[in-house]
Amino acid sequence: MKKEHNIMETMNLRKLSIKMAAPMVISMLSLALYNLVDSIFVANIGLNALTAISLSYPIQAILIAVSLGTSIGVNSLISRKLGEKDNKKANETAMNGIFLIFISYLIILIFASIFLNQIIHFFTNDKEIVKYALIYLFTCITFSFGLLYQILFEKISEAYGKPSYSMIIQISGAILNLILDPLLIYGWKFIPSMGIKGAAIATVTGQIFGMILGIKLLNKKYINFKFRKIKPNKELIKQIYQVGIPTITSESLSAFVSLVLNKLLISFSVFAVPLWGIYDKVQSLIFMIAYGFNYGMIPIVGYNYGAKNYGRMKSTIKLFILYNEVIMLLGMMLLVFGGNLIFNIYGADAGVIDIGILAFKILGISFVFEGISLVISSVFQATGKGTYSLIIFLFRKIIINIPVIFFLTKYKTIDYVWYTILLSTIIASIISIILYIKERKKII
């Protein structure tokens with residue numbers, strides 16, 4: 001095992017960054033494809049079905065937030081323990097992560113059984129949209145254990161220097177979802193047409209398959225799956241959630257912001273929600289590539305932080321800032337110049353296109369400022385300083401956006417919504433740089 005982890009200290013950084021990040025990028029892209037594929041197929045059912053999926057996505061994002069936050073906390077702590085050559089604590093951290101995900105799943109089930117119907121009705125009273133959303137979400141939440149554990153096993157794989165395992169876990173489930181979606185949504189031969197419920201079944205089937213594959217890949221090599229011997233360790237759980245809770249909070253708030261934006265945007269235009277839904281899918285695709293690089297960076301930074309190899313750590317950060325900025329520039333060009341193509345793929349109504357072309361150009365420019373703040377947030381996660389990631393997120397998504405957009409609803413000036421989002425990303429980028437400069441001497 002020691003030989004495997006020496007690459008964090010000795011391999012050429014450019015080669016190591018690609019070795020760690022490339023599988024993560026593929027993995028994160030396949031995660032984005034789950035909802036993207038569902039949306040494309042469901043769009044053929046009708047506008048109400050696409051709107052229901054758009055309303056469902058932020059709620060699904062909360063599930064991802066719970067698992068992702070906990071899993072990043074586990075990933076960060078395992079990486080640091082491996083850097084300290086404490087393999088026993090690294091394994092114990094992984095087992096505590098399994099316990100925490102199980103508790104999270106139970107809490108999600110209880111919460112959903114009580115509040116799901118009220119949440120959907122808060123955003124719309126359209127009977128067909130409510131019906132579609134409840135059908136889709138009931139299935140996705142009931143079987144969400146597949147999603148929750150799949151993400152955990154991916155992050156554990158990354159921490160142990162096995163990003164290829166993470167890629168296999170994620171992409172296998174995504175491919176299965178892609179195959180099942182048209183079969184279950186539209187029907188084929190002896191398979192009945194199930195519409196939006198078919199999309200949900202295809203999604204959870206892919207996630208459960210990824211979870212099972214994760215167990216097969218990690219069992220005995222890195223984790224001993226003897227659930228009876230799981231012993232919750234208060235100190236390890238505390239360290240996991242020092243990174244995990246700020247991440248869960250920021251990711252959950254991101255979903256909450258999307259829900260609030262849907263509520264506010266619908267007051268501007270009936271076309272605003274499907275527009276935001278389409279943008280959210282495209283944005284997720286671009287951001288998942290950036291997240292893939294950043295998640296590949298976290299074990300490298302975390303390991304070298306634990307090993308006190310600060311020079312290598314600084315070089316890693318600079319390299320990944322460069323990667324992120326290139327990704328975001330390409331994303332900007334896609335939105336600025338490819339708006340019509342994207343709307344054609346989704347079969348968007350003329351009303352969506354009318355307000356969407358300018359929106360995509362303004363929102364695309366904001367990508368350039370996102371790159372550096374995303375990298376710095378990941379550095380804070382890797383070094384156990386998750387609170388700073390939360391601060392950056394609050395400025396990116398909430399502190400400016402929500403109050404200003406709420407004010408704009410009184411004047412029906414939807415174009416200024418997009419300028420508000422651009423302004424908040426610029427400010428968040430500046431704040432992330434200030435925080436990093438302030439904390440650099442403490443971290444390094």
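The values are calculated or read from the model by the stated rules, or taken from the named source; none is laboratory data. Since we're looking at a predicted model, the values are computed, not measured. Quick reminder, even Gly has a Cβ in these numbers, built from the backbone with ideal geometry, and neighbours come from all protein chains shown.
Quick one: TYR160 ticks every box in (1) under 23 Å from GLY73 (Cβ atoms); (2) of a type in the set (Phe, Trp, Tyr); (3) touching a helix residue (DSSP H, G or I) at 6+ places or on another chain (Cβ under 6 Å) except a single one, so which number is it?
(3)
Starting from residues that are among the hydroxyl-bearing types (Ser, Thr, Tyr) and either in contact with a Ser or Thr (Cβ under 6 Å, 6 or more places away or on another chain) or surrounded by fewer than 19 Cβ atoms within 10 Å (Cβ to Cβ) (or both), keep the ones in the range 309-345 and report whichever is farthest from GLY292 (Cα to Cα). Walk me through it before giving the result.
Step one: list which residues in the range 309-345 are among the hydroxyl-bearing types (Ser, Thr, Tyr), which gives 310, 315-316, 323.
From what is left, the residues that are either in contact with a Ser or Thr (Cβ under 6 Å, 6 or more places away or on another chain) or surrounded by fewer than 19 Cβ atoms within 10 Å (Cβ to Cβ) (or both) are 310, 315.
On the way: TYR310: 23, SER315: 18 Å.
Filtering the range 309-345 for residues that are among the hydroxyl-bearing types (Ser, Thr, Tyr) and either in contact with a Ser or Thr (Cβ under 6 Å, 6 or more places away or on another chain) or surrounded by fewer than 19 Cβ atoms within 10 Å (Cβ to Cβ) (or both), the one farthest from GLY292 (Cα to Cα) comes out as TYR310.
Could you grab me the full set of residues in the range 153-179 that are under 13 Å from GLY210 (Cβ atoms) and of a type in the set (S, T, N, Q)?
Across the range 153-179, the qualifying residues are SER157, SER166, GLN170, SER172, ASN177.
For the range 85-198, which fully contained helices (runs of 4 or more DSSP H) count at least 3 residues that are of a type in the set (Phe, Trp, Tyr)?
87-123, 127-142, 145-159
Between a first residue in the range 334-358 that is of a type outside the set (Lys, Arg) and a second residue that is surrounded by fewer than 18 Cβ atoms within 10 Å (Cβ to Cβ) and assigned to a loop (DSSP other than H, G, I, E, B), which pairs have beta carbons less than 8 Å apart while being 6 or more apart in sequence or on different chains?
Cβ pairs passing all conditions: GLY347/ASN44; GLY351/SER269; GLY351/VAL270; ILE355/SER269.
Quick check on the range 304-320. Is at least one of its residues in contact (Cβ under 8 Å) with a residue 40 or more places away in the chain and closer than 22 Å to ALA61 by Cβ?
no
Evaluate the following for ILE179: is it in contact with a helix residue (DSSP H, G or I) (Cβ under 7 Å, 6 or more places away or on another chain), farther than 16 Å from SER71 by Cβ and modelled with pLDDT of 85 or more? Write out each step before concluding.
On the way: in contact with a helix residue (DSSP H, G or I) (Cβ under 7 Å, 6 or more places away or on another chain): no; farther than 16 Å from SER71 by Cβ: yes; modelled with pLDDT of 85 or more: yes.
Judged against the criteria, ILE179 is not a match.
Is it the case that some residue within the range 366-389 is among the charged types (D, E, K, R) and buried (at least 24 other Cβ atoms within 10 Å of the Cβ)?
The first filter runs over the range 366-389 and keeps only residues among the charged types (D, E, K, R), leaving 370, 385.
Imposing the further condition that a residue be buried (at least 24 other Cβ atoms within 10 Å of the Cβ) reduces the set to 370.
Scanning the range 366-389, I find at least one residue that is among the charged types (D, E, K, R) and buried (at least 24 other Cβ atoms within 10 Å of the Cβ), so the answer is yes.
So which residues in the range 219-270 are under 21 Å from LYS397 (Cα atoms), outside any helix (DSSP H, G or I) and hydroxyl-bearing (Ser, Thr, Tyr)? Can you show your working first?
Filtering the range 219-270 for residues under 21 Å from LYS397 (Cα atoms) gives 243-268.
Now restrict to residues that are outside any helix (DSSP H, G or I): 266-268.
The one that is under 21 Å from LYS397 (Cα atoms), outside any helix (DSSP H, G or I) and hydroxyl-bearing (Ser, Thr, Tyr): SER267.
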